[in-house]
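As structure tokens, the structure follows; a few thoughts come after it.
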Amino acid sequence: MAKRCRVVCDTDAGIRECELTLPDQADIQAALQAARVLLGEAILDWDRAATGIYGRAHQRSHVPVDGDRIELYRPLPVDPRQARRERVRTATSKRKRR
């Protein structure tokens, strides 16, 4: 039997994705190898990018089920917590000046 999975990654040029038909026992690593052929080498660091399914982190040895969306994550350019602290600090200083 076979299963269908999508591989999705965010790049500087936008979201790239492909749909794959894989053997039932195929893990995330096998899906990434197949997607790499279709999506190309220049997308991101295929060998070290964090992976997950529907927003939950999973190791590359995890076996996805039929219909899963496998995601490759790139590092965030800014830590969201730090960005929020900066926004609060800026807003607070603006209120104090009034």
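Pairs only if they're at least six apart or on different chains, beta carbon under 8 angstrom, first in the range 1-23 and among the small types (Gly, Ala, Ser), second at pLDDT 90 or above; list them, first residue then second.
These pairs meet every condition: 2/21; 2/22; 2/23; 2/24.
Of all residues in the range 34-79, which are part of a strand (DSSP E or B) and touching an Asp or Glu at 6+ places or on another chain (Cβ under 6 Å)?
52, 53
Taking the range 9-28 only, how many residues are surrounded by 16 or more Cβ atoms within 10 Å (Cβ to Cβ) and closer than 17 Å to residue 76 by Cα?
The total comes to 1.
Considering (1) of a type outside the set (D, E, K, R); (2) without any contact (Cβ under 8 Å) to a residue 24 or more places away in the chain; (3) in a helix (DSSP H, G or I); (4) surrounded by 10 or more Cβ atoms within 10 Å (Cβ to Cβ), say which one residue 31 fails and leave the rest.
Result: residue 31 fails condition (2) only.
Any residue at all in the range 63-73 that is modelled with pLDDT under 95, charged (D, E, K, R) and more than 14 Å from the chain's Cα centre (by Cα)?
no
Residues being outside any strand (DSSP E or B), at pLDDT below 85 and not aliphatic (A, V, I, L, M): count how many of those fall in the range 1-28.
Count: 1.
Residues being among the hydrophobic types (A, V, I, L, M, F, W, C) and in contact with a strand residue (DSSP E or B) (Cβ under 6 Å, 6 or more places away or on another chain): count how many of those fall in the range 1-26.
Matching residues across the range 1-26 total 8.
Inside the range 55-98, can you point out the residues that are surrounded by 10 or more Cβ atoms within 10 Å (Cβ to Cβ), without any contact (Cβ under 8 Å) to a residue 24 or more places away in the chain and within 19 Å of residue 30 (Cα to Cα)?
Passing the criteria: only 57.
The values are calculated or read from the model by the stated rules, or taken from the named source; none is laboratory data. Given the structure is predicted, the values throughout are model-derived calculations rather than measurements. We place every Cβ from the backbone using ideal geometry, glycine too, and count neighbours over all the protein chains shown.
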